[in-house]
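What follows is a short report on a single structure.
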Amino acid sequence: MDFSKVNVEVRKQSGKGAARKVRASGKVPGVLYGNKGEPIAVTFDEKTLLQSLDKERRRNTVFSLTVGGDGKNEQVTAMIRDAQIDPLSRRLVHVDFLRVDLDQDVTVTVPLILTGKAVGTVNGGNLHQSMHAILIAAKPAAIPTKLEVDVTALDIGNALHVSDLKLASGVRALLDPKEAIASVVAPKAEKAEAEAAPVEGAVPAEGAAAAAGGEAAKAGEAGKGGAAAPAKGGAAAAPAKKEGEKKGK
């Protein structure tokens, strides 16, 4: 397998100030680490890196990096582990390269594509895709560009799971085999679920009735001139004097 070739230069200074100087010079700062090697601060040309990305693999592109510094060049196989992008300019700010061993598995995420037309949709159902990407483990050269699954046989009430994926030799899914990938649901079932979902801030009928009854009771007591019940832990109100006691005084 041919890997994308990119040249990076070792930079001796690190830190935010040094990174700003690198960007001011038109380069992008980065770091190369992993595979039991010491981290190395590097710089590279943004345009060259972006042009070297495999159009299908994108972030899963495997690079053959030529690391230059002190008059020496070292060949390193690496992948992009993380990339920071400026939210306004959409330019690369920093990239982490991870050294990889061609004989060891790496963990990556690949797109999940549904193919075919589910028979259940012909019968009136709706196709739901639960996953659009899946976490896998594979050797760098064996990483698939995407995973496809045929949903043609799915009828209403049927589902496909991670265990139904047909993976190439050496590729492992790192998810629960029982996790659903896609399913066909009847419109009535969807409507029932939507109607059964509680509305935020809504009061259940029984609770509303109880609240209304309580308010009515308080209103009735107030109309009779009675005192409200004491709050929990508060002092009781003094009893009202009888009519006879008032006249006696």
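The values are calculated or read from the model by the stated rules, or taken from the named source; none is laboratory data. In this text, all values refer to a predicted model and were calculated from it rather than measured experimentally. Positions of Cβ are backbone-derived with ideal geometry, glycine not excepted, and every protein chain shown enters the neighbour counts. Accessible surface is based on the protein model in full, side chains and every heavy atom, while ligands, DNA and RNA are left aside. Shrake-Rupley method; radii C 1.70, N 1.55, O 1.52, S 1.80 Å.
What to note about this one:
- Chain lengthening between Leu50 and Gln75 when straightened (0.36 nm per residue, less Cα-Cα): 7.1 nm
- Exposure rank, largest accessible area first [His94, His161; 1.4 Å]: His161, His94
- Reduced Cα scattering model of segment 87-151, Debye log10 I(q)/I(0), q = 0.16, 0.20, 0.26 Å⁻¹: -0.76, -0.89, -1.09
- Of Thr115, Thr61, the order by accessible heavy-atom surface (1.4 Å probe, DNA, RNA and ligands excluded), from most exposed downward, is Thr115, Thr61.
- Residues of segment 145-178 falling in the label zone of Lys117, defined by backbone nitrogen less than 15 Å from a point 7 Å along Cα to beta-carbon, are 151-155.
- Gained length - Asp155 relative to Ser130, 0.36 nm times residue gap less alpha-carbon distance: 7.4 nm
- Rounded if a/c under 1.5, otherwise prolate or oblate - segment 55-190, Cα gyration tensor axes: prolate
- For segment 50-69 versus segment 96-110, the spacing of their alpha-carbon centroids is 12 Å.
- Residues of segment 19-100: accessible area per residue with a 1.4 Å probe, Å²: 59 Å²
- Cross-link pairs exceeding 21 Å between alpha carbons, from the set Lys5/Lys55; Lys47/Lys72; Lys55/Lys146: Lys47/Lys72.
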